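Scroll down for the structure; my scribbles are underneath it.
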Amino acid sequence: MYSSIQKEGYFCVMTANHSDQSPVPSPLQNWAGNLTFSTSQVYYPDTVEAVQALVKQSAKLRVVGSRHSFNAIADSEHVLISTRDLNKVLSLDVEALTVTVESGITYGALSAWLDDKGFALHNLASLPHISVAGSVATATHGSGVGNGNLATAVTALQMVVADGRIVGLSKATDGERFHAAVVALGALGIVTQLTLQVQPKFYMRQYVYERLPLSKLKENFQSVMAAAYSVSLFTDWQQDSINEVWIKSLSSSGKSFDQQPDLFGARAATAKLHPIAGVSAVNCTDQLGVEGPWHDRLPHFKMGFMPSSGVELQSEYFVSGEHAVAAFEAITALSQQIGRHLFISEIRSIAADELWLSPAYQRDCIAFHFTWQQHIPEVMTLLPVIEAALAPFAVRPHWGKLFTIPATVLADRFEKLADFKKLANEYDPPGKFRNVFLEECVWGR
């Protein structure tokens, strides 16, 4: 059997014994440039067989997708496998309303393909540039009181486990084991294929409102967040109002929204805006009520552009919706400390799910997202202060962003973490897929 691993600029053919594989020599950085991966042994397999071969021959390895994590969750001191070239749509089942894809495909590429066939996904994240498997593995999400995170669309998956076998799991047949394996942080194996639920394509309109008074937000928090199919609030925590409210509305049915000059005291924008004041909105998806396809309205940024240089840091914290206003007030009390290091914060809603390591596991959530300036020492000092302020609300972090909550606390906040570790030991007895991040944050070592 022959297969190939793509290297930078050329292809290296490898035989069945795989003894002549050569890694790409230069180390990678993550999207933001705040992390340089700890190994230069980076492989780009373009077949599942090549992934199996690399897993069998490697004592320790990790998988990396679009490199949009801000912490070391995907790092390895040994071997990295990139899913960049596992990027094909494999099948579309129009009767079951599912699409099966390779793990490295981006949401931008998949969305355009689906839309052309007349179908859509239920939600998208702020950026369409991120890979499907990486987003699913970390429970990345969009917004909407009725919308689960991106991982909730998964109905089946295949992964290569530590001994090189392919294991398949499905929502229909594998129950809790499936719920454990979807948001798995790369700890169970290398996901090579996912099947996602789809629906008929739909159209949306996006409106932006400015300067929502904080008093009105606190009085009407749930109503604001439920005003349309997807709602995002942007704030710098420095004013007595929310900077911007982004309303993403279905054009004709369901969570439709009729533009009005006033939204709970916020005024309708008369020009296209970027979430960060003063930054050009040219890369943002269209606003001002211009109708467009779902995949060009649900993200904040267009696929054809990078939203910024990426020189930033990100952290995000999830609390139960019932604590939204109290958590908001706890963060507001830290506004002076936060302001000097912040680009912008986004507040979103995520519906509850049954995925073991999802921050929205069995509770509807409000997520507080922080896009920081790249003031690394100052931000890392500030994060435990924010985490302490949110501790009374059993706050859970986004697995792919910066946080300092210790493993002992995470074990209480993620109730199924102990069961997850037992399952990981079953699929990966030698700990082949564990790295420093997992050992510290999940295994507590």
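Sorted by average packing, counted as other Cβ atoms within 10 angstrom per residue and highest first, what order do 432-444, 261-273 take?
432-444, 261-273
For the chain, what ratio Rg/Rh do Cα atoms give with a Kirkwood hydrodynamic radius?
Expressed as Rg/Rh, it is 0.96.
Which log10 I(q)/I(0) values does segment 89-200 give at q = 0.16, 0.18, 0.23 Å⁻¹ under the Debye formula, counting every alpha carbon as one identical point scatterer?
Once normalised to I(0) and log-transformed, intensities are -0.68, -0.87, -1.41.
Could you sort 122-132, 50-60, 201-211 so that the peptide with the highest average Cβ count within 10 Å comes first and the rest follow in order?
122-132, 201-211, 50-60
Take every DSSP beta bridge whose two residues both sit in the chain, then give the antiparallel share in percent to the nearest 5.
Bridges in the chain that DSSP calls antiparallel: roughly 90 percent.
Remind me, relative contact order of segment 214-291 in percent, using alpha carbon pairs under 8 angstrom and six or more residues apart?
22 percent
Pairs Lys171/Lys432; Lys248/Lys302; Lys171/Lys201; Lys117/Lys171; Lys88/Lys117; Lys272/Lys302: which are spaced more than 18 Å apart, C-alpha to C-alpha?
Over 18 Å Cα-Cα: Lys171/Lys432; Lys171/Lys201; Lys117/Lys171.
Can you sort Thr106, Thr381 so the residue with the fewest Cβ neighbours within 10 Å comes first?
If I rank by nearby Cβ atoms, fewest first, I get Thr381, Thr106.
Can you quote the Å³ per residue value for the convex hull of the Cα atoms in segment 203-405, rounded to an integer?
124 Å³
Quick one: check the C-alpha center-to-center distance for segment 66-137 versus segment 362-424, whole angstrom.
Between the Cα centres of segment 66-137 and segment 362-424 lies a distance of 24 Å.
How much length, in nm to one decimal, is gained on full extension between Ser241 and Lys218, taken as 0.36 nm per residue of separation minus their Cα-Cα distance?
Length gained between Ser241 and Lys218: 7.2 nm.
Let me have the relative contact order for segment 89-200, percent, based on Cα pairs under 8 Å that are six or more residues apart.
32 percent
Name the residues whose placed amide hydrogens come within less than 5 Å of the amide hydrogen of Trp372, ignoring near sequence neighbours (fewer than 5 apart) on the same chain.
Leu313, Gln314, Ser315, Phe343
Which peptide among 109-115, 344-350 comes first, and what is the full order, when sorted by highest mean count of other Cβ atoms within 10 Å?
344-350, 109-115
Using only the C-alpha atoms of segment 174-259, find the volume of their convex hull and express it per residue in Å³.
Looking at segment 174-259, the number lands at 182 Å³ per residue.
Can you compute the helix-only [θ] at 222 nm over the chain? Use -39500 (n - 2.57) per DSSP H run of at least 4 residues, normalise by all residues, nearest 500 deg cm²/dmol.
Using -39500 (n - 2.57) per qualifying helix, the result is -6500 deg cm²/dmol.
Distance between Cα centroids, segment 237-305 to segment 166-231: provide it in whole Å.
Segment 237-305 and segment 166-231 have Cα centres separated by 19 Å.
Count the net charge of all other residues whose Cβ sits under 11 Å from the Cβ of Thr371, scoring Lys and Arg as +1 and Asp and Glu as -1.
That works out to -3.
What order do you get for Trp31, Trp372 when you list them from fewest to most C-beta neighbours inside 10 Å?
Trp31, Trp372
Using alpha-carbon pairs under 8 Å, 6+ residues apart, how would you state the relative contact order of the chain in percent?
Relative CO of the chain lands at 16 percent.
We did not get these values from a lab; they are worked out from the coordinates using the rules stated. The shown structure was predicted, so the numbers you read here are calculated from the model rather than taken from an experiment. Please note: Cβ atoms are built from the backbone with ideal geometry, for glycine as well, and neighbour counts cover all protein chains shown.
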